[in-house]
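Heads up: the structure comes next, in structure tokens.
The values are calculated or read from the model by the stated rules, or taken from the named source; none is laboratory data. All of these numbers come straight from a predicted model, not from anything done at the bench. Glycine also receives a Cβ, built like all others from the backbone with ideal geometry; neighbour counts cover every protein chain displayed.
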Amino acid sequence: MSDWIEERGVVVLADDAWATVRVERQSTCGSCSARSGCGNGVLSQVLGRRALELRIPNSDGLRPGDRVTLGVRDQALVSGAFAMYLLPLLGLMVVPITLGWFVPGLADGVLILAGIAGFVMGLIAVRRWLQGQAHRFEPVLLGRQPAGTSTMPPPAAGRLAGPGA
């Protein structure tokens, strides 16, 4: 199994320092058996496929038209998703439970407000954590096909290049 979550894109702009890569958002909804009842499938049909543009360091001499394979460590993506869901949920539950434990007999409205405050504190905690971990989520150039060639070489598994490597 690969240590990378990979995505292919095309370089649209490049200078000596930075390259802008356009990546088409992919959806696996066409091959999933639950596509008709899945919220993600419905959203992808409504919103359509939109391109995402990423800026990466241009240390490999990328030029417009080059096809590239970008990667993000799968462990970083999983830990980021885990934090984004878990911290606000914990704040939503732990703050009113703790407050109700220390101050018995509080009105339900106060506990609801405490839950909202805990949720907001969880969102703030996620934002600060992500800012400190930003280098882990930066895409890394794994492979390159210069413009004008017909086939994409396999990505260099385990190649560490670019920021955060």
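Taking residue 60 as meeting all but one of (1) surrounded by fewer than 16 Cβ atoms within 10 Å (Cβ to Cβ); (2) within 18 Å of residue 4 (Cβ to Cβ); (3) within 22 Å of the chain's Cα centre (by Cα), write down the number of the exception. All conditions are met except number (3). In region 1-22, the residues that are part of a loop (DSSP other than H, G, I, E, B) form Cβ pairs under 9 Å with partners that are of a type in the set (Lys, Arg), at six or more places apart or across chains, as follows: 3/73. Selection of region 135-162 for residues being at pLDDT below 85 and either of a type in the set (Ser, Thr, Tyr) or over 22 Å from the mean Cα position of the chain (by Cα) (or both) yields 147, 148, 149, 150, 151, 152, 153, 154.
Hey, among the residues in region 59-78 that are touching a residue at least 12 places away in the same chain (Cβ under 8 Å) and in a helix (DSSP H, G or I), which one's farthest from residue 128 (Cα to Cα)?
Narrowing region 59-78 to residues touching a residue at least 12 places away in the same chain (Cβ under 8 Å): 59-60, 62-77.
Then drop every residue that is not in a helix (DSSP H, G or I), which leaves 74-77.
On the way: 74: 21, 75: 19, 76: 16, 77: 16 Å.
Among those that are touching a residue at least 12 places away in the same chain (Cβ under 8 Å) and in a helix (DSSP H, G or I), it is 74.
Condition check: in a helix (DSSP H, G or I), closer than 30 Å to residue 5 by Cα and not acidic (Asp, Glu). Does residue 126 satisfy that? Judged against the criteria, residue 126 is a match.
From the list 100, 109, the one residue that fits, being surrounded by 14 or more Cβ atoms within 10 Å (Cβ to Cβ) and in a helix (DSSP H, G or I), is 100. For region 66-125, a residue qualifies if it is touching a Pro at 6+ places or on another chain (Cβ under 6 Å) and not hydrophobic (A, V, I, L, M, F, W, C), and the qualifying residues are 66, 69, 115, 122.
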